[in-house]
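Reviewing the structure listed below.
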C-alpha cells in the first residue's frame with residue numbers, strides 16, 4: 001500500500017474539514033448566480049470574477065449561469081481561504097489538494113504556507129490589539145477632557 005498516496009488523501013481534506021459558520025447544503029442540484037450570491041453573501045461580480053479566474057465553472061443555459069454542487073463547494077473553499085488570508089493562487093493550490101489533484105510538493109507548500117499565514121495573522125492580531133489599546137487610551141483622555149470642560153462650564 002502506498003503510504004504517500006494515503007497521506008495525500010487525508011491531508012488534502014484538512015483545510016476544508018471544518019464546517020463553515022453556515023451550512024450551505026440545501027440539496028438543490030443547480031443554483032442560479034443570484035441564488036448562490038444570496039446564499040454565500042457575495043456579489044454577482046465576485047462570482048463572475050472567480051469564474052474568470054477559473055476557480056468555479058458554472059454551466060451555461062443561454063446567458064444564465066447554473067452552478068453545480070461542486071461549484072458551490074469550491075466557492076465555500078474560496079471564501080474560507082480568503083478569510084484565512086490566502087491569495088487566489090494559494091487557494092487554487094489548496095482546492096487542487098482538496099480535489100486530489102495535488103502532488104506531495106503542493107501539499108508540502110500548503111503546510112508551509114499555513115505556518116506562514118499563522119505567523120502573519122498573529123502579527124496582524126498583535127498590531128490590531130496595539131491599535132485598539134491606543135484608541136482606548138485616546139478615547140479615555142478625550143472623555144476626561146470633556147468631563148473637565150463640562151465641570152468648568154456647568
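What follows is calculated from the coordinates using simple rules that are stated; it is not laboratory data. This is a predicted model, so every value here is computed, not measured. Cβ coordinates were reconstructed from backbone atoms using ideal geometry, including for glycine residues, and neighbour counts include every protein chain displayed.
Once the piece of chain linking residue 83 and residue 132 is laid out straight, how much longer is it, given 0.36 nm per residue of separation minus the C-alpha distance between them? Numbers along the way, then the final one.
Working: separation 49, 0.36 × 49 = 17.64 nm, distance 2.11 nm.
That pair, residue 83 and residue 132, stretches by 15.5 nm at full extension.
When ranked by the protection proxy of mean other Cβ atoms within 10 Å per residue, highest first, what sequence do the peptides 74-81, 54-61 form? It would help to have the intermediate numbers written out before the result.
Working: 74-81: 20.0, 54-61: 14.4.
Highest-to-lowest ranking by the protection proxy: 74-81, 54-61.
Could you check the simple spin-label distance between residue 96 and residue 59, using points 7 Å along Cα→Cβ, in nm with one decimal?
For the pair residue 96/residue 59, the computed spacing is 2.7 nm.
So how far apart, in nm, are the two label points at residue 35 and residue 49 if each is 7 Å from Cα heading toward Cβ?
2.5
Please say if the range 40-154 is rounded, prolate or oblate, where rounded means a/c under 1.5 for a ≥ b ≥ c the square roots of the C-alpha gyration tensor eigenvalues, and otherwise the choice is prolate for a/b larger than b/c and oblate otherwise?
Because a/c hits 1.5 or more and a/b fails to exceed b/c, the range 40-154 counts as oblate.
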